[in-house]
């Protein structure tokens, strides 16, 4: 009960504060739209919000899934082989250091018109780094004693991976996945906003901008927040199922 | 040390470490740790290995477990040359290394998932439960390791080392991180386990009282590179009570060993 009520109350207080702020300062809605302007904006474009929201969501999720596969793969390679770690790490850091906003036009040019592919690609590129690093660190910092326990019984490397290395890395993996979810949304929206004739919530945001429909822009922000929260809690739920043991009770 | 006659291994000693030398390659150059080390442990014997810190005691356990190969010399188990890990060995370390995502029971059963066994699932579980009961952990089978105290975790770790009925039990300072009372409790548990199902044991320890309380033979290693400096056969081999540690004989034995450790450390300092 409290777990639902307290966050809801916090949201209501936040909205009231926002409304009051706009009202007290008497801001016009091109400076800052107030929550009461948002609902009409949602309602007017409810069809678009649904279809574009879905587009943004599935692209983000697909990008994220690819990021998980590639990230875990890279993480495993770097986690198990020191040579590979030393070789790949600077490369990955450099790749990650490039602001993805600058990659967006390059990708858009590379695959002109492939809007879905481009968007998924950026979502993937922006979010796989934390996953790769966390898996690599998780695997490479596995205490040798853990390995020895199984190795001394003649267990194979694969058995050691499944029984010890993988489960032991799960908490780090889920920590990184929570970061990756937020990043993937950034990636999806960057591409949706920049692409001409794009689709998705980013494109809706962009059309709000071109039409000076400020309440619509704010409404998109809220919709993105809602999607972000939903996906984040899906990850939290998966974490509870697969790595719940890492959570110590508070006493 | 290439031509060791086969007969060397056949005379009742279960573990034979025969003329083993080993040098680690480190960033700062070669680091010799073992120098022509020879140790024999008879079947169902229990040897404690003591020596200055960092003299290569843990290397000995890794050699016996087959986790590494020596530069020269041979380790024999049961008359077979040890070249790779074998499932007839059980290990416990100072850190109990229990898997946090498994219950205590599942932790103890881990070796049974790897070692080929004739037991069916129910028998395996019964075996693990019996062991846990023997060390006083009945009722904790479904707890997570994080819910147990350090001493209890170490008990569970001992159960895991023994669950597949290994011929050889290797203990690398298993009680080093425990408080004095818990440690004494676990010493008694060790005797109980040994009486219940005999194994051949090698115990690495820094605690001389622990060595003379648990072992049949105490081996003092010299400073690095380690070789056997002194070995002492203890008069009692069976179960003991803690009172035993407070007799004048025990004090005398401890003094002899303490002297040997001092000599080992002086030798090491002189060598540096």
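The values are calculated or read from the model by the stated rules, or taken from the named source; none is laboratory data. Given the structure is predicted, the values throughout are model-derived calculations rather than measurements. Glycine also receives a Cβ, built like all others from the backbone with ideal geometry; neighbour counts cover every protein chain displayed.
Looking at B:110, B:99, B:63, B:134, just one residue is under 22 Å from the mean Cα position of the chain (by Cα), within 17 Å of residue B:169 (Cβ to Cβ) and surrounded by fewer than 22 Cβ atoms within 10 Å (Cβ to Cβ), and that residue is B:134. If we scan the range A:134-142, do we find a residue that is part of a helix (DSSP H, G or I), out of contact with any strand residue (DSSP E or B) (no Cβ under 8 Å at 6 or more places or on another chain) and within 11 Å of chain B (Cβ to nearest Cβ)? Checked the range A:134-142: no residue is part of a helix (DSSP H, G or I), out of contact with any strand residue (DSSP E or B) (no Cβ under 8 Å at 6 or more places or on another chain) and within 11 Å of chain B (Cβ to nearest Cβ). Taken together, B:183, B:153 contain a single residue that is modelled with pLDDT of 90 or more and either more than 12 Å from the chain's Cα centre (by Cα) or not in a strand (DSSP E or B) (or both), which is B:153.
A quick yes/no check of all residues on (1) in a loop (DSSP other than H, G, I, E, B); (2) within 9 Å of chain A (Cβ to nearest Cβ); (3) free of Cβ contacts under 8 Å to residues at least 40 places away in the same chain:
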| position | (1), (2), (3) |
| --- | --- |
| B:97 | yes, yes, no |
| B:107 | no, no, no |
| B:113 | no, yes, yes |
| B:117 | yes, no, no |
| B:126 | no, no, yes |
| B:130 | no, no, yes |
| B:138 | yes, no, yes |
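On inspection, residue A:130 passes the criterion of being part of a helix (DSSP H, G or I), crowded, with 16+ Cβ neighbours inside 10 Å and in contact with a helix residue (DSSP H, G or I) (Cβ under 6 Å, 6 or more places away or on another chain). The set of residues from the range A:160-193 being over 22 Å from residue B:106 (Cβ atoms) and over 19 Å from the mean Cα position of the chain (by Cα) is empty. Applying a threshold of 8 Å to beta carbon distances and a minimum spacing of six or more residues, or different chains, the list of pairs starting in the range A:143-157 at a residue that is within 7 Å of chain B (Cβ to nearest Cβ) and ending at one that is in a helix (DSSP H, G or I) and surrounded by fewer than 18 Cβ atoms within 10 Å (Cβ to Cβ) reads A:150/A:159. Considering B:201, B:223, B:151, the condition of being surrounded by fewer than 23 Cβ atoms within 10 Å (Cβ to Cβ), more than 13 Å from chain A (Cβ to nearest Cβ) and touching a residue at least 12 places away in the same chain (Cβ under 8 Å) is satisfied by B:151 alone. What do you reckon, is residue B:142 part of a loop (DSSP other than H, G, I, E, B), free of Cβ contacts under 8 Å to residues at least 60 places away in the same chain and more than 8 Å from chain A (Cβ to nearest Cβ)? Answer is yes for this residue. On the stretch given as the range B:191-219, residues that are closer than 19 Å to residue B:246 by Cβ and either out of contact with any strand residue (DSSP E or B) (no Cβ under 7 Å at 6 or more places or on another chain) or assigned to a helix (DSSP H, G or I) (or both) total 9.
Does the range B:28-41 include one or more residues that are within 14 Å of another protein chain (Cβ to nearest Cβ) and touching a strand residue (DSSP E or B) at 6+ places or on another chain (Cβ under 7 Å)? Taking every residue of the range B:28-41 in turn, none turns out to be within 14 Å of another protein chain (Cβ to nearest Cβ) and touching a strand residue (DSSP E or B) at 6+ places or on another chain (Cβ under 7 Å). Remark: pairs (first residue in the range A:231-243, within 23 Å of residue A:163 (Cα to Cα); second residue surrounded by 14 or more Cβ atoms within 10 Å (Cβ to Cβ); Cβ separation under 6 Å; 6+ apart in sequence or on different chains) = A:235/A:177; A:235/A:178; A:235/A:181; A:239/A:174; A:242/A:170; A:243/A:170; A:243/A:171; A:243/A:174. Scanning the range B:154-171 for residues that are away from chain A (no Cβ under 12 Å) and within 20 Å of residue B:125 (Cα to Cα) gives B:154, B:155, B:156, B:158, B:159, B:162, B:165.
Would you confirm whether any residue within the range A:82-102 is within 14 Å of chain B (Cβ to nearest Cβ) and either crowded, with 23+ Cβ neighbours inside 10 Å or in a helix (DSSP H, G or I) (or both)?
Taking the range A:82-102 and keeping what is within 14 Å of chain B (Cβ to nearest Cβ), we get A:82.
From what's left, either crowded, with 23+ Cβ neighbours inside 10 Å or in a helix (DSSP H, G or I) (or both): A:82.
Taking every residue of the range A:82-102 in turn, at least one turns out to be within 14 Å of chain B (Cβ to nearest Cβ) and either crowded, with 23+ Cβ neighbours inside 10 Å or in a helix (DSSP H, G or I) (or both).
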